[in-house]
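Values quoted throughout were computed directly from the atomic coordinates according to the rules given, and no laboratory measurement underlies them. This one's a predicted model, so the numbers in the text were calculated from it and none came from an experiment. When we count neighbours, we look across all protein chains shown, and the Cβ atoms used for this are built from the backbone with ideal geometry, even at glycine.
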Amino acid sequence: MSKESGANGKHPARTYAAYGQLALPLAIADLPIDIYLTTFYGTDIGVSLAAMAWVILIARLSDVVTDPLIGILSDRSSHWRWGRRKSWVLLGIPVKMLGIYFIFFAEPGQADAGYLLLWLMVLYLGWTMVTIPYGAWGAELSGYYHERSRITGWRTAFAFIGIFIASIAPLITGGGAGTKEGLVPVMQGIGLWAMIIFPLSAIVLMRFVPEPPVLSMTAGLTWAQGLRIAWHNGPFMRIWTASTIGRIGTAINQTVVLWFFGHAMALGEAAGLPLLSYLLAAILGAPIWVILGGRISKHRALVVAVVISIVIFASLLLVPKGDLFLSCLVLFLAGLGGSASATLGQSIAADVIDLDEMRARTSRAGLLIAIWGMGQKGGAAFGYFIALMILAYSGFDAHSTANSETALQGLTITYIIVPWFFYAASIVLFWNFPLTAERQARIRAIVERRAAKAQAAAASPNAAAINS
């Protein structure tokens, strides 16, 4: 087997497809949390916007404890029968499904803010137990710069298919924001689909995706030492900061999208159609960003995508109220760039893990993916909080069909204007990102050379005399 194939090298497309398909049920379950949760619990269940802002913030910040814990435990579970990544994914799926059941199947009058907080924390715990080892597994499948874009490309494609499936739930179930039925049948339909697909997807993942061997060259560092090395990993902290800031902007956008098109754009029951066009375009756009990232580098392609998003979302200010066609067209164009951060951002994160591995002389992908996840979840939490507090302050009433002009202006500013500042800040950090394909290749060569020496030393009768 050549060094460019097999473990930590290149794999056939079917392996990447088998790996990426778990993103489909994850996305089916995730879209309602990002898009429908605030509308469902605010409009159908009756939790106040201010209370919901605090609940989501507290639940998300609980990941500050669970994310690094799961990351470290996953890194140190190589002795488990199914491997250190597969085992944790299998453990996390039932926890995730438990949270889905209680969050998605809540009935009006049954749930309050305390109920939402409890089961959101369970849902997020299951999410952490699955996605951190799953993300680390993807980073370890290949050590090659462009190959990692293929891996994240497959994962992103399945994720957007899952998002698209979840987004058409209102058409299938007959419910939706602004309808008489509300989001109750939508949430229950999506929850049922996710709970059916998760076990089937896990079987495919376990059966057809190998778990690469651990390339550990020396004894593991302590957690404190590891965090210090991660902190001084300049490229990792730079991409982490840029992605976290950008996530705040997208979370603000996602929190109010249905309210914006339903109330501010006066689309009523058709409020979900612009979102549907956005998600369809995101599926089509994912391969474009993989190709462009290979041509002009991943970080420059990300900047292009963010600039496109800023310009296109700004054009919504020119769209007349009630114009469904233009609203869908603008969101479709925005969606073409929407998959770039998921496709390229996570691929860059995998690249900077190699730099950490070179410096720490041991593989700690789980911990770094956990730190990455903390940034994404923390950014999302603050985005939700900012959006909901602005709406509460402006007097927006999710139950009313006759909000004041001030409330509608607050909704428009929250959806279009506020995210700009976060997107613009992320551009500055993305632009001159120092880890290029050439530098990553040199780093990966050092990691693999050390691993080969360590393996040769372990197989030699004079292993103790060999200094790697």
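Which of the lysines could a cross-linker span from Lys180 if the Cα-Cα distance has to be under 25 Å and same-chain partners fewer than 8 positions apart are dropped?
Leaving aside lysines fewer than 8 places away in the same chain, those within reach of Lys180 are Lys321.
Under the rule of -39500 (n - 2.57) per DSSP H run of 4 or more residues, summed and divided by the residues of the chain, what mean residue ellipticity at 222 nm is obtained, to the nearest 500 deg cm²/dmol?
Taken over the chain, the calculation gives -23500 deg cm²/dmol.
Putting +1 on Lys and Arg Cβ atoms and -1 on Asp and Glu Cβ atoms, find which of Thr406, Ile288, His79 reaches farthest to the positive end of the dipole of the chain.
After comparing all options, I get His79.
Would you please give the residues with an amide H less than 5 Å from that of Lys10, counting only those at least 5 places away or on a separate chain, with H modeled from the backbone geometry?
Hits under the 5 Å cutoff: Ser5.
Between the stretch 251-324 and the stretch 358-377, how far is it from one alpha carbon centroid to the other, in angstrom?
Taking the Cα centre of the stretch 358-377 as reference, the centre of the stretch 251-324 is 30 Å away.
With contacts defined as alpha carbon pairs under 8 Å and 6 or more residues apart, what's the relative contact order of the chain in percent?
Taking the mean separation of contacting Cα pairs over the length of the chain, I get 25 percent.
Angle, helix 298-314 long axis vs. longest principal axis of the chain, Cα atoms, 0 to 90°, nearest 10?
0 degrees
In cubic angstrom, how much convex hull volume per residue do the alpha carbon atoms of the stretch 141-213 span?
Cα-based convex hull of the stretch 141-213, divided per residue, equals 98 Å³.
So if a site counts as exposed when it's one of the GluC sites (Glu not before Pro), its DSSP state isn't H, G, I, E or B, and it has at most 13 other Cβ atoms within 10 Å, what's the longest stretch of the chain without one?
182-468
Report Rg (one decimal) and Dmax (nearest whole number) for the stretch 38-161, counting Cα atoms only, units Å.
In order Rg, Dmax, the Cα atoms of the stretch 38-161 give 17.2, 52 Å.
Between Ser394, Val122, Ala53, whose Cα lies farthest towards the positive end of the dipole of the chain when Lys and Arg beta carbons carry +1 and Asp and Glu beta carbons carry -1, centred on the Cα centre?
Val122
What do you get for the angle between helix 418-431 and the principal long axis of the chain? Use alpha-carbon atoms, 0 to 90 degrees, nearest ten.
The helix 418-431 is inclined about 20 degrees to the chain.
Please list, or write none, the lysines whose alpha carbon is within less than 26 Å of the alpha carbon of Lys10, excluding same-chain residues fewer than 8 places away.
Lys10 reaches Lys86, Lys298, Lys453.
What translational D, rounded to a whole number of µm²/s, comes out for the stretch 58-124 from Stokes-Einstein when the hydrodynamic radius is the Kirkwood one over Cα pairs, at 4 °C and 1.567 mPa s?
97 µm²/s
Under a point-charge model restricted to the Cβ atoms of Lys and Arg (+1) and Asp and Glu (-1), what is the dipole moment magnitude of the chain relative to its Cα centre, in debye to the nearest 20?
Dipole magnitude for the chain comes out near 1980 debye.
Find, to one decimal place in angstroms, the Kirkwood hydrodynamic radius of the chain, where the mean of 1/r is taken over every pair of different Cα atoms and then inverted.
With all distinct Cα pairs of the chain included, I get 22.6 Å.
Fewest first, what order do Phe313, Phe104 take by the number of other Cβ atoms within 10 Å?
Going from least to most buried by this count: Phe313, Phe104.
Could you list Lys298, Lys180, Lys10 in order of exposure, starting from the residue whose Cβ has the fewest other Cβ atoms within 10 Å?
Ascending Cβ contact count within 10 Å gives the list Lys180, Lys10, Lys298.
For the stretch 130-169, what is the per residue volume of the convex hull drawn over the alpha-carbon atoms, in cubic angstrom?
Hull volume normalised by residue count: 57 Å³.
Rank Leu336, Tyr16, Ile172 by how far each Cα sits towards the positive end of the charge dipole of the chain (+1 on Lys, Arg Cβ; -1 on Asp, Glu Cβ) and give me just the farthest.
Tyr16
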